[in-house]
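**Q** After the structure tokens below, expect a handful of questions from me.
Nothing in this text is a laboratory measurement; each read-out follows from the coordinates by a stated rule. Source: prediction; values computed, not measured. For neighbour counting, all protein chains shown are included, and Cβ atoms are generated from backbone atoms with ideal geometry for every residue, glycine included.
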Amino acid sequence: MREFHIGKNDENQRLDRFLGKAIPLLPASLAQKYIRLKRIKVNGARAQRDQKLVAGDILQCYINDEFFESPSEENVYLTITTPRLKIVYEDENIMLLDKPAGMLAHADEHEKVNTLVNHMLAYLYQKREWRPREENAFTPALCNRIHLKALGESTLLLPHAEEVCRTLSRTHRLYIVTNAVASVQRSRLHRSAVAPYITDAFISEEAGASKPSAAYFDYVFSHIDGITRENCLLVGASLSSDIRGANNYSLPCCWYNPKGTARPEDLRIDYEIRDLRQLYDLV
């Protein structure tokens, strides 16, 4: 249990807003749940989330100690209320996960929270199958070497990708722009049926920057003769890296959206396709 004594500088704040500042690792939805369950009280009594605090109040929080730590990359999983995992198999020793498209496996300079590792840690923590304060050194982790080897050997293509690349390569230069480990992506491209039609591949590890940063596209543009913002089109499935990257760099973009997901309001999308063959009408 942790107590907060409300002083003059903290009074007149709503309880839920004070909690967001005082305990940043505690998700707002979980804070509301704890208020409802009386695990967060004011002066020993049931509180309301919109209750105004006054000087002299004593706020009692009967919550796990982990939430009181300073935010860091190691404990940011605590901020995930609903883990987003597609579990293929799970037992007491191992989980097999199908990583959602667009989700990073590990954090990078742009995304610290919404990664496969953090969703996995949040899931195990909420199931009470992993308690970091009770462990000496163990932390669940991805099987990186196995994962990378398997990725490098996989060559699964999107529907009609080979046909579209073969057709478009007759009149256009095709490039791959990807956030990935270079050895994995080079191996996949070498094994892929589209390899003969690709002029070059620009991989974040080699570029020293990743989508959606402008630095990544600076690298790409510096390596392609004659490219301008007017004579290229970025086609991608990831809103967070491909489409936002195109927005950041003022590039025309086409969102590959086979499931017909609703468009976000905060991104410019010049074209939207559900089938790669629709590119024939765009370029």
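**Q** How do the peptides 238-248, 19-29 rank, highest first, by the average count of neighbouring beta carbon atoms within 10 Å per residue?
**A** Answer by packing, highest mean first, reads 238-248, 19-29.
**Q** Please compute the length gained on full extension between Ser154 and Arg36, using 0.36 nm multiplied by the number of residues separating them and subtracting their Cα-Cα distance.
**A** Gain in length upon complete extension: 37.6 nm.
**Q** Same structure again: With a point put 7 Å past each Cα toward its Cβ, work out how far Ala195 is from Ala28 in nm, to one decimal.
**A** The answer from the label model is 5.0 nm.
**Q** Pull out a ≥ b ≥ c, the square roots of the eigenvalues of the alpha-carbon gyration tensor of region 29-87, then state rounded if a/c is under 1.5, prolate if not and a/b is larger than b/c, and oblate in the remaining case.
**A** Because a/c hits 1.5 or more and a/b exceeds b/c, region 29-87 counts as prolate.
**Q** Here's a follow-up. In nanometres, what is the gap between the two model label sites at Thr261 and Glu134, each 7 Å from Cα along Cα-to-Cβ?
**A** Using points 7 Å along Cα→Cβ, the separation is 3.6 nm.
**Q** Here's something else I'd like to know. Report the GluC sites (Glu not before Pro) located in region 190-264 that are in a DSSP loop and have at most 14 other Cβ atoms inside 10 Å of their Cβ, or state none.
**A** Glu230
**Q** Another question, then. Could you check the simple spin-label distance between Tyr271 and Ile87, using points 7 Å along Cα→Cβ, in nm with one decimal?
**A** With each label point 7 Å from Cα toward Cβ, the separation is 4.2 nm.
**Q** Go through region 111-118 residue by residue and turn each phi into a ³J(HN,Hα) via Karplus (6.51, -1.76, 1.60, θ = phi - 60°); whole Hz please, and just put x for glycine and proline.
**A** Once rounded to whole Hz, the list reads 10, 10, 9, 7, 10, 4, 4, 5.
**Q** Sticking with this structure for a sec: Would you calculate the convex hull of the Cα atoms in region 1-105 and tell me its volume per residue in Å³?
**A** Looking at region 1-105, the number lands at 138 Å³ per residue.
**Q** Given N residues in region 154-281, what is Rg(Cα) / (2.2 N^0.38 Å)?
**A** Compactness ratio reported: 1.02.
**Q** Still on this structure: Can you give the FRET efficiency for Ala215 and Lys99, using 1/(1 + (r/R0)^6), R0 = 30 Å, r = Cβ-Cβ distance, to the nearest 0.05?
**A** 0.75
**Q** Is the shape of region 216-283 best called rounded, prolate or oblate, per the rule: a/c under 1.5 gives rounded, else a/b larger than b/c gives prolate, else oblate, with a ≥ b ≥ c the square roots of the Cα gyration tensor eigenvalues?
**A** Here region 216-283 falls in the oblate category.
**Q** In angstroms, what radius of gyration and Dmax does the chain have, counting Cα atoms only?
**A** Every Cα atom of the chain included, Rg and Dmax give 23.9, 76 Å.
**Q** Note down the magnitude of the dipole of region 154-281 about its Cα centre, charges +1 on Lys and Arg C-beta and -1 on Asp and Glu C-beta and zero elsewhere, to the nearest 20 debye.
**A** So the magnitude is around 300 debye.
**Q** Roughly how tilted is helix 182-191, in degrees to the nearest 10 and between 0 and 90, from the longest Cα axis of the chain?
**A** Long axis of 182-191 versus the principal axis of the chain: about 40 degrees.
**Q** On a C-alpha basis, how far is the centre of region 228-270 from the centre of region 41-101 in Å? Whole number, if you could?
**A** First find each Cα centre; the distance between them is then 33 Å.
**Q** To continue, here is another question. Students often get this wrong, so check it: of Lys99/Lys259; Lys8/Lys33; Lys127/Lys259, which have C-alpha atoms separated by over 25 Å?
**A** Lys8/Lys33; Lys127/Lys259
**Q** What is the chain's relative contact order, in percent, from Cα pairs under 8 angstrom and six or more apart in sequence?
**A** 11
**Q** Could you give log10 I(q)/I(0) at q = 0.19 Å⁻¹ for region 72-169, computed by the Debye formula over C-alpha point scatterers of equal weight, without solvent?
**A** -1.02
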